[in-house]
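Note sheet for the following structure.
Coordinate-derived values only; no laboratory data. All of these numbers come straight from a predicted model, not from anything done at the bench.
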Amino acid sequence: MPLASRKAEAESLVSRLTKRELEVCWCLALGMSRQKIAKALGIAVKTADAVVANAKEKLGGVHTLRIPLVMFTARGFAWPRELEDANGRMDPA
């Protein structure tokens, strides 16, 4: 499959994610553990697990280890602006 097709498919999948799912997926893509994600976003580990499960389903049932590949294919290596607050920090809201 050509790179442009893979990028378009990944973008289509990522566009289905909620803001919280995007946050958690980017944290996974950055190599954060479930515990660190929960702490960074101010949520319980079980909540983070549920968000990951929902995101995996929306991303076509991918394995957790493939989430970074989907995220980077869709968006490149730039942190998405929609996840920043007015000061340029991650907005966990």
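So the values come out like this:
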quantity: Violating pairs (Cα-Cα greater than 22 angstrom) within the set Lys7/Lys36; Lys7/Lys56; Lys7/Lys46; calculated: Lys7/Lys36; Lys7/Lys46
quantity: Calculated log₁₀ intensity ratio I(q)/I(0) where the Debye formula runs over C-alpha points of segment 1-50, q = 0.20 Å⁻¹; calculated: -0.69
quantity: Amide proton proximity set for Met32, modelled H, under 5 Å, gap of 5+; calculated: none
quantity: Derived scalar couplings ³J(HN,Hα) [segment 30-44; Karplus, 6.51 cos²θ - 1.76 cosθ + 1.60; whole Hz; x for Gly, Pro]; calculated: 7, x, 6, 6, 4, 5, 5, 4, 4, 5, 4, 9, x, 10, 6
